[in-house]
Structures are given as structure tokens and as C-alpha cells.
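Peer 1: Let me begin by handing over the structure; questions about it come next.
Where a number appears in this text, it was derived from the coordinates with a stated rule and is not lab data. Just so it is clear, the model here is predicted, and its values are computed rather than measured. All Cβ positions, glycine included, derive from the backbone under ideal geometry; neighbour counts span all protein chains shown.
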Amino acid sequence: MKWTVRKFRAAKGGEPMGLVTAYDYITARMAARAGVPLVLVGDSLATTALGFSTTLPATMDAMVHHAEAVRRGAPDALVVGDMPFLSYATVPDALKNAGRFMREAGCDAVKLEGGVPRAEAIRALVQEGIPVQAHIGLQPQSVKSTGYAVRGKTPEDIAALERDIDAVAAAGAFSVVLECVMPDVAAALTKRVDIPTIGVGSGSACDAQYLVLADLLGLGDGPAPKFAKQYASLADTAAEAIARYRADVAQRAFPDAGHTY
Ligand code: KIV
């Protein structure tokens, strides 16, 4: 059955939901087969599938292209398009680019990074009927100015996170990502608002969790962040399969009679 924003919102406080990113038809099919309710076409596309060292090089054209494929692969999931760096710096930009995710890729919602400073853009998008997932705490698009610091370690920073979550909830976001927030703070923020919180490295008290699919499946070749649990080693399995194929070809063992007309 198709997941809607209303259904997702209503899942707050229930059994925590495991959510993933996906970047193309193949990875979206995997998520759909596992019954994942919400799939994020994350701007982590840049680091996982395109080989960049940060998410900053992700462009709107690339994100829309990949979101179209994810939509085809996961027709029943809530597909969320991640607004890339500088695509929502002004309200008109946010409307134009979010509109591309909805109209061209068939996304159900968009995600954008930022708390208080993004409330105006969130309100404008929601007013036009575009559901928004907010993203506070560590914000990878600001990594050049903030670094990858864990959030919520001081009373001042906890107060800033409270202002951020209050602002995005009041602006109409249907859910909010908490990235790298101290677990006790994430638990308090989850109780503070009536929209689902989605944790990334923020402990188990959130209403849902995100894992970047490349980390979950072991598709990358670098070390995953501390919070990312690897459930499979698909890159190793794939490289080993390709090596076996190459050896078979070298020995004329492939193609054999069973694979020839
Ligand atoms: O781009 C991404 O994958 C994300 C998640 C980590 C939330 O923003």
C-alpha cells in the first residue's frame, strides 16, 4: 500500500521505522522489496555514487535525474528529494527547485537542511502544497564552515537546537532529521514536537532512523561513519564475483554450452 505524508506523520510514537537512501532504480528496488516506507534520494549521491568527497557538488539536474529512477523503483514508498547545496538559498529558488522534484521526478516531498533560517522557505513550500522534511543538527552542506561536530553538547547548543526544531515544526515540516545530535538531546527533541524525528547518529529514541544505503550494504571502499552499521559487504562480494568471471573468461570456461545459443 502506498505510503503518504499523512500516514508517515501518523506513525510518530509507534514502532521506530528503518529508512534508507537510494540513488537509482536498482537500489530503490532493494528498498521496496524490504518494505521501506520512506526512501530519501539523498545528496549523499555525490559522495556514494559520484565519488566526490562532500555533498556540495550535487546539482539539481543530477538529483532530479536520480530521483526519477528511484520513483520508478519504489512506487509505494514515500520518495523524498533532497534539495542540494544552494538550491534553496532564496524562497523563489526553493519553490522552483522543489517544484522540479515534484513535477519532473514525481517525488512526494523534499528535504532541506537548516532550522530557524529556513523557516520562511519551509512555510512557502508547504503553502504551495509541497511537503517538507527538515534537517537540523549536523548539516553536511555547511561542513566547510561548521565541520562535522556532534551537536547538543552544551546548554547553549541545546537551546539552539530547540529553537531550530520549534521553527521547522511551526513552519509546517511533516518530519525532521536530527543528524549527529547527542542521544539524550535527540530524545528530548523527539518528545518536544508532534512530527516524527528521524535520527542519523542520534541514538535510538527517534521515531525513525536513516542509514545511507552504501554504508548499510557495504558498497563503499572507505570507512563508514561511527554511527553507520554495516549489514552486508556487497562491494567485497561483487569484486570477488567479477574476479571469478574474469578468471572464467581467461580459461574459456565462460561462455560455456549452457550460456551459448
Ligand atoms: O543525503 C543524505 O543521505 C542525508 C541523510 C544522511 C539524512 O541527508
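Peer 1: What are the residues in region 205-223 that are farther than 24 Å from Ala169 by Cβ, in a loop (DSSP other than H, G, I, E, B) and in contact (Cβ under 8 Å) with a residue 12 or more places away in the chain, if any?
Peer 2: Val212, Gly218, Leu219, Gly220, Asp221
Peer 1: Among the residues of region 152-168, write down those that are among the small types (Gly, Ala, Ser) and surrounded by fewer than 22 Cβ atoms within 10 Å (Cβ to Cβ). Write out each step before concluding.
Peer 2: Here is the first cut: in region 152-168, the residues among the small types (Gly, Ala, Ser) are 152, 159-160, 167.
Residues satisfying the conditions are Ala159, Ala160, Ala167.
Peer 1: Right, another one. Without any contact (Cβ under 8 Å) to a residue 24 or more places away in the chain, within 16 Å of the ligand (Cβ to nearest atom) and surrounded by fewer than 12 Cβ atoms within 10 Å (Cβ to Cβ), is that true of Lys229?
Peer 2: On the way: without any contact (Cβ under 8 Å) to a residue 24 or more places away in the chain: yes; within 16 Å of the ligand (Cβ to nearest atom): yes; surrounded by fewer than 12 Cβ atoms within 10 Å (Cβ to Cβ): yes.
Answer is yes for this residue.
Peer 1: While we're on this one: When you go through (1) free of Cβ contacts under 8 Å to residues at least 60 places away in the same chain; (2) touching a helix residue (DSSP H, G or I) at 6+ places or on another chain (Cβ under 6 Å); (3) within 16 Å of the ligand (Cβ to nearest atom) one by one for Ser202, which number turns out not to apply?
Peer 2: For Ser202, the failing item is (1).
Peer 1: Just one of Pro183, Pro196, Pro223 is over 19 Å from Met30 (Cβ atoms), touching a strand residue (DSSP E or B) at 6+ places or on another chain (Cβ under 9 Å) and surrounded by fewer than 18 Cβ atoms within 10 Å (Cβ to Cβ); which is it?
Peer 2: Selected residue: Pro183, the only one of Pro183, Pro196, Pro223 that is over 19 Å from Met30 (Cβ atoms), touching a strand residue (DSSP E or B) at 6+ places or on another chain (Cβ under 9 Å) and surrounded by fewer than 18 Cβ atoms within 10 Å (Cβ to Cβ).
Peer 1: Please verify whether Asp82 is closer than 30 Å to Met30 by Cα, of a type in the set (D, E, K, R) and surrounded by 22 or more Cβ atoms within 10 Å (Cβ to Cβ), treating the condition exactly as stated.
Peer 2: Numbers: closer than 30 Å to Met30 by Cα: yes; of a type in the set (D, E, K, R): yes; surrounded by 22 or more Cβ atoms within 10 Å (Cβ to Cβ): yes.
Here the answer is yes, as Asp82 does meet what is asked.
Peer 1: Of all the residues that make up region 123-148, how many are in a helix (DSSP H, G or I) and either surrounded by fewer than 12 Cβ atoms within 10 Å (Cβ to Cβ) or within 16 Å of the ligand (Cβ to nearest atom) (or both)?
Peer 2: Qualifying residue count for the region: 8.
Peer 1: Do any residues in region 71-91 that are closer than 19 Å to Arg9 by Cα have Cβ atoms under 6 Å from those of residues that are surrounded by 24 or more Cβ atoms within 10 Å (Cβ to Cβ) and of a type in the set (Phe, Trp, Tyr), where the two are at least six apart or on different chains, and which pairs are they?
Peer 2: Here the result reads Leu78/Phe8; Gly81/Phe101, each pair linking region 71-91 to a residue that is surrounded by 24 or more Cβ atoms within 10 Å (Cβ to Cβ) and of a type in the set (Phe, Trp, Tyr).
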